[in-house]
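Working notes for the structure below.
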Amino acid sequence: MLKSVFGRREQEEQVRQEGRLPPGQSLTQKFPVLHYGPVPRFSPATWDFRILGEVEEEKRWNWEEFNQLPRTKVVMDIHCVTRWSKFDTEWEGVTVRALIDAGIIKLKPTARYVVEHAEYGYTTNLPLSVVLQDNFIMATHFNGEPLEPDHGYPLRGVVGHIVGKNDLIDPYFWKGAKWLRGLEFLAEDRPGFWERAGYHNEADIWKEERFG
């Protein structure tokens with residue numbers, strides 16, 4: 001036990017010296033489970049994913065179709081508003097940037113913001129500029145394995161910090177919704193569940209934008 005404690009402390013000091021530990025955060029070697037409400041059941045026969053709002057053509061994919069979309073992997077540090085940080089996590093899934101570059105999604109010029117729609121009506125919001133960054137992904141896999149139900153299986157939005165890309169905006173982890181079911185592109189911003197409850201709308205980890 002003592003050895004594992006010192007190991008965590010040494011790792012935390014290392015990422016702090018590397019400038020990777022945001023203010024007010026602590027390293028965790030686990031993956032804490034935090035969410036509002038129960039874990040939904042997944043049925044590939046009924047699951048679908050929607051693209052709607054300020055787009056030239058709305059889209060709807062079933063589970064098989066979604067898994068045929070262009071895929072990528074990204075390694076990121078993730079930072080929860082509850083003050084834990086996990087480093088060098090690998091995510092695999094679909095990026096909005098890739099779908100736009102491939103012409104699969106065509107945005108209207110009026111699109112400026114995105115609302116992530118998840119199970120049970122849960123939502124969270126981000127500027128389109130952040131959703132198009134390399135550090136936003138709609139993930140099906142974590143560290144080479146399918147997501148666990150507690151962590152958003154079959155699909156979750158993920159946003160984090162990519163080491164070496166300090167020009168990106170890095171929001172707290174809640175800005176990626178578990179059990180994701182759609183993206184709505186908007187001309188005007190629309191705060192989501194936790195944002196309406198008092199969490200900061202921008203949620204920049206380096207500025208400690210935890211609460212509004």
Exercise. Is at least one residue of segment 174-194 at pLDDT 95 or above and touching a Cys at 6+ places or on another chain (Cβ under 8 Å)?
Worked result: yes
Problem set entry | Any hit, segment 28-48, residues being under 24 Å from Y172 (Cβ atoms) and among the charged types (D, E, K, R) | yes
Exercise. Which residue out of R50, R41 is surrounded by fewer than 18 Cβ atoms within 10 Å (Cβ to Cβ) and either in contact with a Lys or Arg (Cβ under 7 Å, 6 or more places away or on another chain) or assigned to a strand (DSSP E or B) (or both)?
Worked result: R50
Seminar exercise, completed: Residue hits (segment 71-106; in contact with a helix residue (DSSP H, G or I) (Cβ under 8 Å, 6 or more places away or on another chain), crowded, with 18+ Cβ neighbours inside 10 Å and among the hydrophobic types (A, V, I, L, M, F, W, C)) are I78, V81, F87, V94, V96, I105
Exercise. Cβ-Cβ below 9 Å, separation at least six or inter-chain, first residue in segment 58-69 and within 16 Å of L183 (Cβ to Cβ) and at pLDDT 95 or above, second surrounded by 13 or more Cβ atoms within 10 Å (Cβ to Cβ) and of a type in the set (K, R): which pairs?
Worked result: E58/R50; K59/R50; R60/R50; W61/R50
For this session: Collect the residues in segment 125-140 that are assigned to a strand (DSSP E or B) and touching a residue at least 60 places away in the same chain (Cβ under 8 Å), keeping them in residue-number order.
Result: N125, P127, I137, T140
For this session: Identify the single condition in (1) surrounded by 23 or more Cβ atoms within 10 Å (Cβ to Cβ); (2) farther than 18 Å from S85 by Cβ; (3) not acidic (D, E) that A187 does not satisfy, given that it satisfies every other one.
Result: (1)
Problem set entry | Flag if P22 is in contact with a His (Cβ under 7 Å, 6 or more places away or on another chain), surrounded by 14 or more Cβ atoms within 10 Å (Cβ to Cβ) and part of a loop (DSSP other than H, G, I, E, B) | yes
Seminar exercise, completed: Taking first residues from segment 188-212 that are closer than 21 Å to A111 by Cα and second residues anywhere that are in a helix (DSSP H, G or I), the pairs with Cβ under 6 Å that are 6 or more apart or on different chains are N201/E195; A203/K175
Exercise. Out of (1) of a type in the set (S, T, N, Q); (2) in contact (Cβ under 8 Å) with a residue 24 or more places away in the chain; (3) in contact with a strand residue (DSSP E or B) (Cβ under 9 Å, 6 or more places away or on another chain), the odd one out for T82 is which?
Worked result: (3)
For this session: For segment 85-121, name all the residues that are touching a strand residue (DSSP E or B) at 6+ places or on another chain (Cβ under 8 Å), part of a loop (DSSP other than H, G, I, E, B) and not charged (D, E, K, R).
Result: T95, I104, I105, A111
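The values are calculated or read from the model by the stated rules, or taken from the named source; none is laboratory data. Quantities reported herein were computed from a predicted structural model and do not represent experimental measurements. Heads up, the Cβs are rebuilt from the backbone with ideal geometry, glycines too, and the neighbour counts pull from every protein chain shown.
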